[in-house]
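Enquirer: Just dropping this structure here.
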Amino acid sequence: MKMRIIWTIYTIALLSFLYIPIFMMVIQSFNDSKYLTEWKGFTIKWYSKLIESNEVWASFINSFSIALASALTSTFLGITLAYTYIRSKSRAYDFLDIAMYTPIIIPEIAEAVSLALFFYLSNISFGWYTVFIGHTAFNIAFAYFTLKAQISLISKNVEDAALILGAKPIKVLFSVLLPIAMPAIFASMIITFTLSFDDFIKSVFTTEPGFPLLPILIWTRAARARATPDLNALATIMITISLCLASLYTYYMYRRS
Amino acid sequence: MYSSLKILIIISIIFLFVFFYIPLIEMFIYSLKSENPIENYVSILKNPLYIRIIGYSLLISFLTTIISLIISYPIAYYLAFIINEKFKSIILIAFIAPFWVNFLLRTYALYNVLYMIGIINNFIALLIGMVYDYYPYMLLSIYATLSKISKSILDASFLFGATPFQRFTKIILPLSMPGIIAGSIFVSLTTMTEFIVPSMLGGVEGYTVGYLIWDLFLKYRNWFKGSALSIIIISIALIISLFYSRKAKVVLI
């Protein structure tokens, strides 16, 4: 019994270590004072300051559109790769499986600088497409592994039954396979969206100063010690969105199993 | 149906090849561009400052891995064997949820707290930041293997008279090795080249190899040397993952 109390205290301590900074940031976003150490009263003025900022909106729209496009593309390509790998008997796809691991293993900063070099040497001007490509090259690998694990749970018998009962292959795909795989597809889209939306290192190396992105905006404000309280407001909004996406993701994964 | 998928497969493979593998190969070729092909490498490996920075990054990565392992193992054990089923999923979700919060924001949040208590811009702040951002990966990785250990094995060890200590060292610890290794690979590889935490929390002591690559490309514009250093770092990452996965095999057999 005494042991149990020690375990509980330890768990609570580690969880507090994780959550206290985040909670403090949320509370701070409603603090009328600019300074961390004094509480001057409740306010939403940082939120209104944030909403009025054109820079924040521009960065948000850029980051959001890239994350959405990257999530759709990588999940679409990821599912075809994962499906083929699982159903095909050809050994050639084993090589593909290994080729997919590399983006996950190699350091992100090395991947980012190699992309920057590649775009620079190919004379491609930096902007929406270069960021999109950088995020998607990594996300395809990530979507592939997320979907592979889930699709391997779908029995081939279901497809065979549909084929034997006279469904055309394309109908099997749209009426049988995709509906079963839908939770996994949603889960993959949510995770690839988040990876792209939050990505800083690859974004920095594949964008140019005239094309602002949200993580870079956060970085320039947080790292150069010129943080203003509206950063806390932005953080609170982003945390809320992230946690909503997290619960959706958990819901879809949980429903599958 | 496979034939209709084929064109999509080819598109994906081309995409990954052109935008992932070709840039890496190009960077490798670029790193060899000088009068003597290996000059960029030699100048990095001969420069004591660079070697010290690489060594320092490896030290940070090693310490973060060890500290994360030590603080996470008890929790993973607690979640797998001791806690009530009722609370288990809540606690697990509580450990997973912060993953979804933007990494920069999490680090910035910690920065504020460390600033308030006066530990900032030094090695300790850097280590706290690294552990803060990465220990949940280690925890979940260990938990994933611990939770698969069958209760009957533990009961058997009890019936054969193993003490709780023996039960842990002879059964639980060896069986959880794959989780420890997977967690260690992830934590050590990502922290080795981590850029955000050292530069936000480390102050002058935050000059790690990730920072050096960043500066070589964005500040000094020495792309030849930057490419060579990136190739060296990729090689170290591959060696570390090979080292761990060979260890894993030894343990599994």
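The values are calculated or read from the model by the stated rules, or taken from the named source; none is laboratory data. On a predicted model such as this, the values are computed, not experimentally measured, just so you know. Note that each Cβ is placed from the backbone with ideal geometry, even for glycine, and that neighbours are counted across all protein chains shown. Remember, those area values only see protein heavy atoms, side chains included, never the ligands or the DNA or RNA. Shrake-Rupley method; radii C 1.70, N 1.55, O 1.52, S 1.80 Å.
Enquirer: Which number in (1) surrounded by 14 or more Cβ atoms within 10 Å (Cβ to Cβ); (2) more than 22 Å from the chain's Cα centre (by Cα); (3) away from chain B (no Cβ under 11 Å) marks the one condition that A:Glu38 misses?
Expert: (1) is the only condition that A:Glu38 fails.
Enquirer: Only residues that are part of a helix (DSSP H, G or I) and of a type in the set (Val, Ile, Thr): list them for segment A:1-59, please.
Expert: Going residue by residue through segment A:1-59, those that are part of a helix (DSSP H, G or I) are A:2-28, A:45-52, A:54-59.
If the condition is that a residue be part of a helix (DSSP H, G or I) and of a type in the set (Val, Ile, Thr), then A:Ile5, A:Ile6, A:Thr8, A:Ile9, A:Thr11, A:Ile12, A:Ile20, A:Ile22, A:Val26, A:Ile27, A:Ile51, A:Val56 are the ones that fit.
Enquirer: Output the qualifying pairs, or none if there are none: Cβ atoms under 7 angstrom, residues six or more apart or on different chains, first residue in segment A:107-136 and facing another protein chain (nearest Cβ under 9 Å) and free of Cβ contacts under 8 Å to residues at least 12 places away in the same chain, second residue open to solvent by less than 30 Å² (accessible area, probe 1.4 Å) and part of a loop (DSSP other than H, G, I, E, B).
Expert: A:Pro107/B:Thr193
Enquirer: Can you name the number of the only condition in (1) open to solvent by 60 Å² or more (accessible area, probe 1.4 Å); (2) among the hydrophobic types (A, V, I, L, M, F, W, C); (3) farther than 22 Å from B:Phe28 by Cβ that A:Ile98 fails?
Expert: So A:Ile98 meets the others, but not (3).
Enquirer: Moving to a separate point now. Anything in segment B:199-214 that is part of a helix (DSSP H, G or I) and within 11 Å of chain A (Cβ to nearest Cβ)? List them, or say none.
Expert: Let us first name the residues in segment B:199-214 that are part of a helix (DSSP H, G or I), namely B:199-201, B:203-206, B:209-214.
Once the filter is applied, which keeps residues that are part of a helix (DSSP H, G or I) and within 11 Å of chain A (Cβ to nearest Cβ), segment B:199-214 yields B:Ser199, B:Met200, B:Leu201, B:Gly203, B:Gly206, B:Val209, B:Gly210, B:Tyr211, B:Leu212, B:Ile213, B:Trp214.
A quick yes/no check of all residues on (1) over 18 Å from B:Met200 (Cα atoms); (2) of a type outside the set (D, E, K, R); (3) surrounded by fewer than 19 Cβ atoms within 10 Å (Cβ to Cβ):
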position: A:Thr206; (1), (2), (3): yes, yes, no
position: A:Gly210; (1), (2), (3): yes, yes, yes
position: A:Leu217; (1), (2), (3): no, yes, no
position: A:Asn232; (1), (2), (3): no, yes, no
position: A:Thr236; (1), (2), (3): yes, yes, no
position: A:Ile239; (1), (2), (3): yes, yes, no
position: A:Leu243; (1), (2), (3): yes, yes, yes
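Enquirer: Give me the residue from segment B:60-80 that is within 19 Å of A:Ser16 (Cα to Cα) and hydrophobic (A, V, I, L, M, F, W, C) and, out of that set, farthest from the chain's Cα centre (by Cα).
Expert: So, considering only residues that are within 19 Å of A:Ser16 (Cα to Cα) and hydrophobic (A, V, I, L, M, F, W, C), the one farthest from the chain's Cα centre (by Cα) is B:Leu79.
Enquirer: Continuing with this model, one more query. Give the residues of segment A:49-95 that are at the interface with another protein chain (Cβ under 10 Å from one of its Cβ atoms), surrounded by fewer than 19 Cβ atoms within 10 Å (Cβ to Cβ) and in contact (Cβ under 8 Å) with a residue 12 or more places away in the chain, sorted by residue number.
Expert: Within segment A:49-95, A:Arg87 is the sole residue that qualifies.
Enquirer: Can I ask one more? Taking B:Leu45, is it within 14 Å of chain A (Cβ to nearest Cβ) and not β-branched (Val, Ile, Thr)? Spell out how you get there, then give the answer.
Expert: Working: within 14 Å of chain A (Cβ to nearest Cβ): no; not β-branched (Val, Ile, Thr): yes.
Answer is no for this residue.
Enquirer: Considering B:Tyr21, B:Tyr41, which residue is open to solvent by 40 Å² or more (accessible area, probe 1.4 Å) and under 26 Å from the mean Cα position of the chain (by Cα)? Steps first, please.
Expert: Numbers: B:Tyr41 fails: open to solvent by 40 Å² or more (accessible area, probe 1.4 Å).
Answer to the check: B:Tyr21.
Enquirer: Give the residue, chosen from B:Ile70, B:Ile119, that is in a loop (DSSP other than H, G, I, E, B) and either among the aliphatic types (A, V, I, L, M) or farther than 25 Å from A:Pro215 by Cβ (or both). Even if it seems obvious, please write down each step before you answer.
Expert: On the way: B:Ile70 fails: in a loop (DSSP other than H, G, I, E, B).
On inspection, the qualifying residue turns out to be B:Ile119.
Enquirer: Filter segment B:201-217 down to the residues that are in contact (Cβ under 8 Å) with a residue 12 or more places away in the chain and touching a Gly at 6+ places or on another chain (Cβ under 7 Å), then identify the one that is surrounded by the fewest Cβ atoms within 10 Å (Cβ to Cβ). Full working, then the answer.
Expert: Within segment B:201-217, the first condition is being in contact (Cβ under 8 Å) with a residue 12 or more places away in the chain, and the residues that meet it are B:201-214, B:216.
Filter once more, keeping what is touching a Gly at 6+ places or on another chain (Cβ under 7 Å): B:201, B:213, B:216.
Details: B:Leu201: 30, B:Ile213: 24, B:Leu216: 21.
Taking the candidates together, the pick is B:Leu216.
Enquirer: Ok, one more. Within segment B:188-231, how many residues are under 17 Å from the mean Cα position of the chain (by Cα) and aliphatic (A, V, I, L, M)?
Expert: Result for segment B:188-231: 5.
Enquirer: Also, I was wondering about something else. I'd like to verify a number: residues in segment B:109-144 that are out of contact with any helix residue (DSSP H, G or I) (no Cβ under 7 Å at 6 or more places or on another chain) and more than 13 Å from every other protein chain (Cβ to nearest Cβ), how many?
Expert: 1
This table checks each residue for (1) in a helix (DSSP H, G or I); (2) without any contact (Cβ under 8 Å) to a residue 40 or more places away in the chain.
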site: B:Lys88; (1), (2): yes, yes
site: B:Ala109; (1), (2): yes, yes
site: B:Leu114; (1), (2): yes, no
site: B:Met130; (1), (2): yes, no
site: B:Ile149; (1), (2): no, no
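Enquirer: Still on this structure, I have one more. Please state which of the following conditions B:Trp100 fails to meet, knowing it meets all the rest: (1) at the interface with chain A (Cβ under 7 Å from one of its Cβ atoms); (2) buried (at least 17 other Cβ atoms within 10 Å of the Cβ); (3) modelled with pLDDT of 90 or more.
Expert: Every condition holds for B:Trp100 apart from (3).
Enquirer: So, in segment B:57-93, of the ones that are over 17 Å from B:Thr191 (Cβ atoms), touching a Leu at 6+ places or on another chain (Cβ under 8 Å) and open to solvent by less than 20 Å² (accessible area, probe 1.4 Å), which residue ends up nearest to the other protein chains (Cβ to nearest Cβ)? Don't jump to the end; show me each part of the working.
Expert: Residues of segment B:57-93 that are over 17 Å from B:Thr191 (Cβ atoms), as a first pass: B:73-93.
Going one step further and asking which of them are touching a Leu at 6+ places or on another chain (Cβ under 8 Å), we end up with B:75-77, B:79-81, B:88, B:91-92.
Still in the list and also open to solvent by less than 20 Å² (accessible area, probe 1.4 Å): B:75-76, B:79-80.
Working: B:Ile75: 6, B:Ala76: 11, B:Leu79: 8, B:Ala80: 12 Å.
My answer is B:Ile75.
Enquirer: Being among the β-branched types (Val, Ile, Thr), out of contact with any Ser or Thr (no Cβ under 9 Å at 6 or more places or on another chain) and crowded, with 16+ Cβ neighbours inside 10 Å is the filter here; which residues of segment A:155-200 pass it?
Expert: Taking segment A:155-200 first, the residues among the β-branched types (Val, Ile, Thr) are A:158, A:164, A:170, A:172, A:176, A:180, A:185, A:190-192, A:194.
Going one step further and asking which of them are out of contact with any Ser or Thr (no Cβ under 9 Å at 6 or more places or on another chain), we end up with A:158, A:164, A:172, A:176, A:180, A:190.
Scanning segment A:155-200 gives A:Val172, A:Val176, A:Ile180, A:Ile190.
Enquirer: Could I ask something else about it? Would you please name the residue that is farthest from the other protein chains (Cβ to nearest Cβ), looking only at residues in segment B:185-195 that are open to solvent by less than 10 Å² (accessible area, probe 1.4 Å) and part of a helix (DSSP H, G or I)? So that I can check it myself, show each step before the final result.
Expert: Taking segment B:185-195 as the starting set, the residues that turn out to be open to solvent by less than 10 Å² (accessible area, probe 1.4 Å) are B:187-188, B:191-192, B:195.
Narrowing further to those that are part of a helix (DSSP H, G or I): B:187-188, B:191-192.
Details: B:Val187: 13, B:Ser188: 11, B:Thr191: 10, B:Met192: 7 Å.
This residue is B:Val187.
Enquirer: Still on this structure, please answer the following. Check B:Glu85, B:Glu35 and return the single one that is under 30 Å from B:Trp223 (Cα atoms) and of a type outside the set (Gly, Ala, Ser).
Expert: Among B:Glu85, B:Glu35, only B:Glu35 is under 30 Å from B:Trp223 (Cα atoms) and of a type outside the set (Gly, Ala, Ser).
Enquirer: Regarding segment A:143-153, can at least one residue be identified that is assigned by TED's automatic domain parsing to the domain that holds A:Gly210, under 18 Å from the mean Cα position of the chain (by Cα), modelled with pLDDT of 90 or more and buried (at least 24 other Cβ atoms within 10 Å of the Cβ)?
Expert: Yes, some residue in segment A:143-153 is assigned by TED's automatic domain parsing to the domain that holds A:Gly210, under 18 Å from the mean Cα position of the chain (by Cα), modelled with pLDDT of 90 or more and buried (at least 24 other Cβ atoms within 10 Å of the Cβ).
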